[in-house]
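Here's the structure we're looking at; comments come further down.
The values are calculated or read from the model by the stated rules, or taken from the named source; none is laboratory data. These numbers were taken from a predicted model, which means no experiment stands behind them. Glycine gets a Cβ as well: all are built from the backbone with ideal geometry, and neighbour counts include every protein chain shown.
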Amino acid sequence: MENSKAIVNLKFKSDLSTEELCEIAKRRKSILQNVKGLITLFCYTNEETNTIGGTYIFENLQLAHQYLGEFLTKGVGPEYGVIPMTLKIDVGCLKDEIIVGDR
C-alpha cells in the first residue's frame, strides 16, 4: 500500500464568492506545481449544495497526509474562507484505474 497512489478529496463551504476562490486558485497554481508528490488536482464547485472542493492525486499516502497537514496548519484552509464545520476530507489509496475513451 505504501507505493499506491493516494487520492484526497476536500469539500467545504466558504465565506468567499466563487470569483474570489478562482482568483486564489490562480495565484496558488505555481505553488501547487511544487507540492511534493502531487500528480494532479481537479477543482470543482457544486451550486446545488453551495460547496467547493478539490480532488488531489498524490504519489503515495504519506505525501498526501503531509500536504493535508500543511493545508490545515499553514493557513491555506483559512485563505479559502473554509467554514470549519463544513470541511470534509476523504483519503484513500487508488486500487484501479479505468481509462474510458481515446486517451
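Examine region 56-71 for a residue that is in contact (Cβ under 8 Å) with a residue 24 or more places away in the chain, of a type in the set (S, T, N, Q) and assigned to a loop (DSSP other than H, G, I, E, B), and state whether such a residue exists. Scanning region 56-71 turns up at least one residue that is in contact (Cβ under 8 Å) with a residue 24 or more places away in the chain, of a type in the set (S, T, N, Q) and assigned to a loop (DSSP other than H, G, I, E, B).
Residue pairs whose Cβ atoms lie under 7 Å apart, sitting 6 or more positions apart in sequence or on different chains, and linking a residue in region 77-103 that is closer than 18 Å to Thr45 by Cα and surrounded by 10 or more Cβ atoms within 10 Å (Cβ to Cβ) to a partner that is at pLDDT 80 or above and among the small types (Gly, Ala, Ser), are Tyr80/Ser14; Gly81/Ser14; Val82/Ser14; Ile83/Ser14.
For every residue, the table says whether it meets (1) closer than 13 Å to Ala6 by Cβ; (2) of a type outside the set (D, E, K, R).
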residue	(1), (2)
Ile24	no, yes
Lys29	no, no
Leu32	no, yes
Tyr44	no, yes
Glu48	no, no
Thr51	no, yes
Tyr56	yes, yes
Glu59	yes, no
Gln66	yes, yes
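For the residues Ile31, Ile39, the requirement of being aliphatic (A, V, I, L, M) and either surrounded by 10 or more Cβ atoms within 10 Å (Cβ to Cβ) or not in a helix (DSSP H, G or I) (or both) singles out Ile39.
Please determine, by comparing only the residues of region 56-76 that are at pLDDT below 90 and β-branched (Val, Ile, Thr), which one is surrounded by the fewest Cβ atoms within 10 Å (Cβ to Cβ). Step by step, filter region 56-76, then rank; the result is Thr73.
Within region 14-29, the set of residues being charged (D, E, K, R) and either free of Cβ contacts under 8 Å to residues at least 24 places away in the same chain or more than 19 Å from Met85 (Cα to Cα) (or both) comprises Glu19, Glu20, Glu23, Lys26, Arg27, Arg28, Lys29.
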